[in-house]
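Heads up: the structure comes next, in structure tokens.
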Amino acid sequence: MEGSEYQEELKYDFNIKGELRHLDTNESFVFNYYKNAHEQNHKRYQVLGHLITQYVYELLERVCMLQKVYIPTDATENEPRSFFFMSKNALTSSCSLIVLLQDRGVFRAGQWGQKTTVSEGLGHGTQIPFIKMALESHSEVIVLNPNDNFVDLNTENERLSFSAREEAPTSVQSVWWLPKRCSSSPEEHTVYVWDHFISKSATKHVAFIAHGYGGLVFVDLLVQRKLEVMNKVYSVAFIDSVHNTRHQTRSDPQIQEWIQKYCREWVSDSKPLDKAVASLLKANCPTVSAGTEKYGLAPSCCLHAIFKYLKSMLKAKTTTASRHSPVATRSSTRKKRGNV
């Protein structure tokens, strides 16, 4: 922040516990820094959010050892590009591959939510604990960046994309926002990464962890690439997903059956973790409690439960696959030896 107009107002850093604290007072972030000046406070918060985004990107590369991959792959030298992150052997390893798909908002790859990162710290607001657990369990990882959709032609800086609650720009404003080709929306970004990377990966075992709007984006991918996704994805863990199976799939019985069989959703609820939760709106897959009523804390609270579930689903798939694989008989073994 050196040289910035907010150098003194944003003297914050993450401590050893991953909590955002003021360098002098050790207090958590204060939003109402300028008394009752909402616009000024919001601008200050946006600057902080941008700094956190860049810091999380750095952690993904430096701590998690992920690689940044720019898209589209055929972009010209001066064309605005988006990017995502993946582990070194994500495309070549035969081990399982876990894809992280975040909610919609101003936050970027590596975060479940910006407000949660600010108020609760890196351990709750970012995807880093998920990435570490995946890598420790010998899975490869892809971290999507579905909210990186536009560039600002005035400043040539990356645009803070619209959150679900923000209003779209007017026609006068919109001319200054240039959409990034193949990533102009979360849905387009995800389909592109699927087509050019995930679908071509060596593994036959892919899992998705999708939060909020990310769940809707996954179901959109499932509808658009139905057979590919059904053949390659062994399970999906939804967290407070906003998808609507009946509406999005147009009541396709094959897709509905697949979601029922291979997906599970964790929702913010007062019940203990993993306890069944009845859902009148979405009776399309087993729904359980995330162990918290706070939306922003749901991902971190059900972290271990999700990986336990994915492990059991992967084991079930590999066990089924081994049962259907050809078994060598004594007679066939003798024939092979006789031909040598």
How big is D, in µm² s⁻¹, for region 29-81 by Stokes-Einstein at 25 °C and 0.890 mPa s if Rh is the Kirkwood radius over C-alpha pairs? 176
For residue 133 and residue 276 in the same chain, what is the full-extension length gain: residue separation times 0.36 nm, less their Cα-Cα distance, in nm? 49.0 nm
Please report the antiparallel percentage of the DSSP beta bridges confined to region 1-153, to the nearest 5. 75
Can you order the peptides 256-265, 62-71, 134-143, 22-31 by their average number of other Cβ atoms within 10 Å per residue, highest first? 134-143, 256-265, 62-71, 22-31
Could you work out how far apart the two model spin labels at residue 76 and residue 230 are, taking each label as a point 7 Å from the Cα in the direction of the beta carbon, and quote it in nm? 4.1
At R0 = 25 Å, FRET efficiency that the Cβ-Cβ distance of residue 51 and residue 89 yields, to 0.05: 0.20
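Bear in mind that the values in this text are calculations on the coordinates, not laboratory data. For clarity, every value in this text was computed on a predicted model and none was experimentally measured. Heads up, the Cβs are rebuilt from the backbone with ideal geometry, glycines too, and the neighbour counts pull from every protein chain shown.
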